[in-house]
Amino acid sequence: MTQQHAQPPLMNVNVILVDDERAMRESIAQWLTLADCSITTFSDSAEAVSHVTPDFPGVVVTDLKMPGIDGLGVLESVMAIDPDIPVVLITGHGDVNSAVDAMRQGAYDFIEKPFEPERLLSTIHRASEKRDLVLQNRALRQQAVRSNSLEESLIGECPALRQIRADIKQFAAIDINILLVGETGTGKEVVARCLHNLSSRHEKPFNAIDCGALSAERIERDLFGEAGSRSSPGPFELAQGGTVFLDEVTNMPPDQQIKLLRVLEQREVQRVGASEANTLDIRLLSAANSTLSDVVANGHFRKDLYFRLNTIEMTLPPLRHRDDDGVLLFQVFTKKACQLYQRELPDITAQDITAIRTHAWPGNVRELKNAAERFVLYQTMRVQEVLHVTDTTVNRTLSDQVHAFEKSIIEYALTQCNGSISHAAEYLRVPRRTLNDKLQRHGIDRDEFIR
Ligand SMILES: Nc1ncnc2c1ncn2[C@@H]1O[C@H](COP(=O)(O)OP(=O)(O)OP(=O)(O)O)[C@@H](O)[C@H]1O
Ligand SMILES: [Mg+2]
C-alpha cells in the first residue's frame, strides 16, 4: 500500500458533514481535511442521511437550522440507522433549547456558533474514539458468537477434535488451501463450513462442488461456466468473494485436473467458449477420503494438483479412534432429535452406552446421528436394536434397505406385542391380512416372539 502522508495520521477520522450554507461547509471541510480527517460534505440533509450505513465508521456533523430536514431530523434518522453513531450538532447562538432537546434525543454533543476550529476538532476526535470502540466491541462479540458456533457445530472432546478446532480458529482467517482428509461421515464438510464461517468471507457464498457427481458431457460447463448465447457463470465465479469446497476431489477426471490446476495457479477462470478469463477471488478447500495418497501414487491424481490443494492437510479421525466421543455425540444428537421431532428424551441406559462403545461405526458420525434419530423416533427400541436396523442398511440398494427396514420394524412390533398378530397389526396400523402376507414374505416366524 502506498502511504499518502509523510507522517501517518494518529487517527483516520471519517466525517459526514451536513450544512446548507456553502461558506460554512467549505471552511469546516478545509479545517478537517488539514487535520487529516476524511470528510464528505452534503448541502442536502436527506442525501447525507442516505449515505449513512449501520457500520459507518465515523462521526456525523450537522447544522441545526436547515430547510427540509433540520439537524434534529438528521439526528433522528441517524439514530434509526444505528443509535451508536455519534452526531454532533452545530447550533446558532442562543439555540440552547434545541441543543438540550438534541442531547436528550441522543446527540453526542453540540457546538455553538461561532466556535474555534480546535473545539470542533477535539469533539470529533472524542466522538470518533467512542465510535471505534463500539465497532471493535461489536466485531469481538460477533467473533465470539461465531466461535461458540464452532464448539456447537464441531462437537468432540477427544484430543484430535480439540486440535482441529484450534487449527480452524488459527487458519480460518488465512486464505490458504486446506485439504480435509477422512473416512466417510467424519465431518469434512462440517469443518469446511466452519473454516468459511470463521473467515472474513463468511457473508459471501460457500459453494460445494461434488466432483464425483459431475456428468461427463457437461463437466467443463458445470465446472467453469459457459460463454456466448447461453452464457452462465460456473461455481467458481458464483462463489466470488467466498469459498469453493471441492468435495470428493479425487474423482475429478484427469482432463479437468489440469484445468483446475490452471484455475488455482492463475486465480482466474475461463468459461467454455470465452476468449478471456475472469479474475477470481476465492478461497479453496477440498476433501478426500483417506486413500488420496494412493490415488496420487498410482497416477490417477496429479501430484502437482495434490500439492496445490494441500498447503495444509487436516485429518479427521474415524469415530472408532475418538475415545468416548461416540457417547457424547449420541447424547447431543438424541437431544436435538427430540427437539426436532417433539419427542420425550429417552433414557440412555448402561446397556445402550456399551452398544455405542462397541459398535465399529463404519459410517462414522453420519451413521451415529442416524442411529440417534431412530432411537428417538422408536422410543422403546434399545440402541442395540437400532444398530441392528442401521447395520443391515450399509451398502445396499434402496429397495433392499426398505425391505430390511420393514422387516426390522415388524420384528420389533412383534417383540412389543409378544407375538400377537392382531396387536402387532393394530400397533403398525395395517390390516391383519397385510401383516400376515408380510410375515410370509420376510420369513418371520411369530412363535419366536411369544414370551
Ligand atoms: N464433530 C461433529 N459434530 C457434530 N456433527 C458432526 C460432526 N462430524 C460430523 N457431523 C455430522 O455428521 C454428518 C456427516 O458429516 P459430513 O457431511 O461433514 O461428513 P463428510 O466427512 O463430509 O462425509 P462424506 O465423505 O461421506 O461426504 C453431518 O450430518 C454432520 O453434521
Ligand atoms: Mg462430505
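The values are calculated or read from the model by the stated rules, or taken from the named source; none is laboratory data. Values in this document were obtained by computation on a predicted structure and should not be read as measured data. As a convention, Cβ positions derive from the backbone with ideal geometry for all residues, glycine included, and neighbour counts pool all protein chains shown.
General observations
- Considering region 158-199, and only residues there that are part of a loop (DSSP other than H, G, I, E, B) and within 14 Å of ligand 2 (Cβ to nearest atom), the residue that is nearest to the chain's Cα centre (by Cα) turns out to be Gly187.
- Residues satisfying the stated conditions in region 226-249, i.e. closer than 20 Å to Leu285 by Cβ and in contact with a Ser or Thr (Cβ under 8 Å, 6 or more places away or on another chain): Thr243, Phe245, Leu246, Asp247, Val249
- Of the candidates Phe333, Phe307, the single residue that is within 12 Å of ligand 1 (Cβ to nearest atom) and either at positive phi or assigned to a helix (DSSP H, G or I) (or both) is Phe333.
- Every residue from region 432-444 that is part of a loop (DSSP other than H, G, I, E, B) and surrounded by 11 or more Cβ atoms within 10 Å (Cβ to Cβ): Ile444
- If you go through region 283-303 and keep only what is within 27 Å of the chain's Cα centre (by Cα), at pLDDT below 95 and away from ligand 1 (no atom under 14 Å from the Cβ), you end up with nothing.
- Test: residue in region 304-312 that is farther than 24 Å from Cys194 by Cα, more than 29 Å from the chain's Cα centre (by Cα) and crowded, with 20+ Cβ neighbours inside 10 Å: no
- Inspection of region 318-325 identifies at least one residue that is within 16 Å of ligand 2 (Cβ to nearest atom) and either over 30 Å from Gln170 (Cβ atoms) or assigned to a loop (DSSP other than H, G, I, E, B) (or both).
- The residues in region 336-351 that are part of a loop (DSSP other than H, G, I, E, B) and either of a type outside the set (Lys, Arg) or not assigned by TED's automatic domain parsing to the domain that holds Val376 (or both) can be counted, and the count is 7.
- Some residue of region 285-302 being assigned by TED's automatic domain parsing to the domain that holds Cys194, within 18 Å of Gly225 (Cα to Cα) and surrounded by 13 or more Cβ atoms within 10 Å (Cβ to Cβ): no
- Among the candidates Ala355, Ala350, Ala360, Ala372, the residue that is touching a residue at least 40 places away in the same chain (Cβ under 8 Å), closer than 19 Å to Gln384 by Cβ and away from ligand 1 (no atom under 15 Å from the Cβ) is uniquely Ala360.
- For first residues located in region 13-32 and within 16 Å of Pro114 (Cα to Cα) and not assigned by TED's automatic domain parsing to the domain that holds Val88, partners that are surrounded by fewer than 16 Cβ atoms within 10 Å (Cβ to Cβ) and aromatic (Phe, Trp, Tyr) and lie 6+ apart or on another chain with Cβ distances below 7 Å do not occur.
- Any chance Leu89 is assigned to a helix (DSSP H, G or I) and touching a residue at least 24 places away in the same chain (Cβ under 8 Å): no
- Among the residues of region 360-402, those that are at pLDDT 80 or above and part of a loop (DSSP other than H, G, I, E, B) comprise Ala360, Trp361, Pro362, Gly363, Tyr378, Met381, Arg382.
- A Cβ distance below 7 Å, combined with a sequence gap of six or more or placement on separate chains, defines the contacts here; from region 247-271, residues that are closer than 22 Å to Gly228 by Cα reach residues that are within 16 Å of ligand 2 (Cβ to nearest atom) and not aromatic (Phe, Trp, Tyr) in the pairs Leu260/Met252.
- Selection within region 200-254: residues that are over 25 Å from the mean Cα position of the chain (by Cα) and part of a helix (DSSP H, G or I). The member of this set that is farthest from ligand 2 (Cβ to nearest atom) is Ser229.
- A search for C-beta distances below 6 Å between a residue of region 418-432 that is at positive phi and any residue that is part of a helix (DSSP H, G or I) and basic (Lys, Arg), counting only pairs 6+ apart in sequence or on different chains, returns Gly419/Arg446.
- All of Ala139, Ala107, Ala99 fail the test of being modelled with pLDDT of 95 or more and out of contact with any Lys or Arg (no Cβ under 9 Å at 6 or more places or on another chain), apart from Ala107.
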